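Read the figures in this text as sums done on the coordinates, not as results from a lab. Here the structure is a predicted model, which means the values were calculated and not measured. As a convention, Cβ positions derive from the backbone with ideal geometry for all residues, glycine included, and neighbour counts pool all protein chains shown.
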Amino acid sequence: CALIHEHGGQVYFDGANLNALVGLARPGDIGADVCHMNLHKTFCIPHGGGGPGVGPIGVKAHLKPYLPGHVTEGSAHAVSAAPIGSASILPITWMYIRMMGASGLKQATETAIISANYVATRLAPHFPLLYKGRHDRIAHECILDTRVLKESAGISVDDIAKRLIDYGFHAPTMSFPVAGTLMVEPTESEPKRELDRFCEAMIAIAGEAAKVAKGEWPLNDNPLVNAPHTAAEALAGSWTHPY
């Protein structure tokens, strides 16, 4: 941030990673001039289906004169057709913050970090991990590099995502921020038994891919490329697959 400021720039802080920062660090202290705070995940709002999206934007005092005005006040009006965003979401986040308190929010952050590192540690022997810190630790999310299965067995990240459905999971974020990877964000809300269940599913999938790589199952007829399996298919009187 200091280097950007030294050359006359301003720093915009993406609040998508606040699940690893709330109660531990402040964007303003880090050097950010502007920061949007995503309410999904970190502040109790779901993110399914691409939304609903809403979140406050905070700025340092020197940028306050450049903020857009309110839709009903002043001469500088809002710059959006929906200036208030998904306003009905805001009271939910406000209540969450009030009920959690400072210590509760900090504990949630710490739990999210521990949960992500637990998943990363369990899966590290089976999938390479991207973007680790100096001590092989991560923040609140881990990026599993599944491209190794594509190279060894022809199994794509799409196949893995569909196979997870058979194990009772909706796939994590796929091919972002790196193509061919899964980004796992357990947050603070999942119990250890659920984290273990997910890890065991991913380990089983790695084992299935290994069988394909060894030629025990054909490339075009294995539980990964055929996933997800419907109940009707699983309960059919005849089963034509080699697994």
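Enumerate by residue number the trypsin sites (Lys or Arg not before Pro) in segment 110-188 meeting two conditions: DSSP loop (anything except H, G, I, E, B), and at most 10 other Cβ atoms within 10 Å of the site's Cβ.
Numbers: sites: Arg122, Lys132, Arg134, Arg137, Arg147, Lys150, Lys162, Arg163; in loops: Lys132, Arg134, Arg137.
Of the trypsin sites (Lys or Arg not before Pro), the ones in loops of segment 110-188 whose Cβ has at most 10 other Cβ atoms within 10 Å are Arg134.
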Across Ile92, Ile205, Ile160, the residue with the highest GNM fluctuation in the chain (Cα network, 10 Å cutoff) is Ile92
Arg134 and His47 label points (each 7 Å along its Cα→Cβ direction) are spaced in nm at 2.8
Rounded to the nearest 5, the percent of antiparallel DSSP beta bridges in the chain equals 75
Between the Cα axis of helix 90-123 and the main Cα principal axis of the chain, the angle (0 to 90°, nearest 10) is 40
Taking only the alpha-carbon positions of the chain as identical scatterers, the Debye log10 I(q)/I(0) at q = 0.09, 0.15 Å⁻¹ comes out as -0.53, -1.12
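Counting alpha carbon pairs within less than 8 Å and at least 6 residues apart, what relative contact order, in whole percent, applies to the chain? Kindly include the intermediate steps, with their values, before the conclusion.
Working: 320 pairs, mean separation 35.9, N = 243.
This gives 15 percent for the chain.
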From the cross-link list Lys132/Lys211; Lys162/Lys211; Lys162/Lys192; Lys162/Lys214, the entries with a Cα-Cα span beyond 26 Å are Lys132/Lys211
In degrees rounded to 10, the 0-90 angle between helix 157-166 Cα long axis and the longest Cα principal axis of the chain is 80
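Using only alpha carbons, build the gyration tensor for segment 123-243 and give me the equivalent ellipsoid semi-axes, biggest first, whole Å.
Working: eigenvalues 144, 59, 26 Å².
That gives 27, 17, 11 Å for the three semi-axes.
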For the chain, longest principal axis from Cα atoms; helix 192-213 axis from its Cα atoms; angle between them, nearest 10 degrees, is 50
Most fluctuating of Val212, Val178, Val157 in the GNM of the chain (C-alpha, under 10 Å) is Val178
For Lys106, counting only aspartates and glutamates whose alpha-carbon sits under 14 Å away and dropping same-chain residues fewer than eight positions off, the answer is Glu188
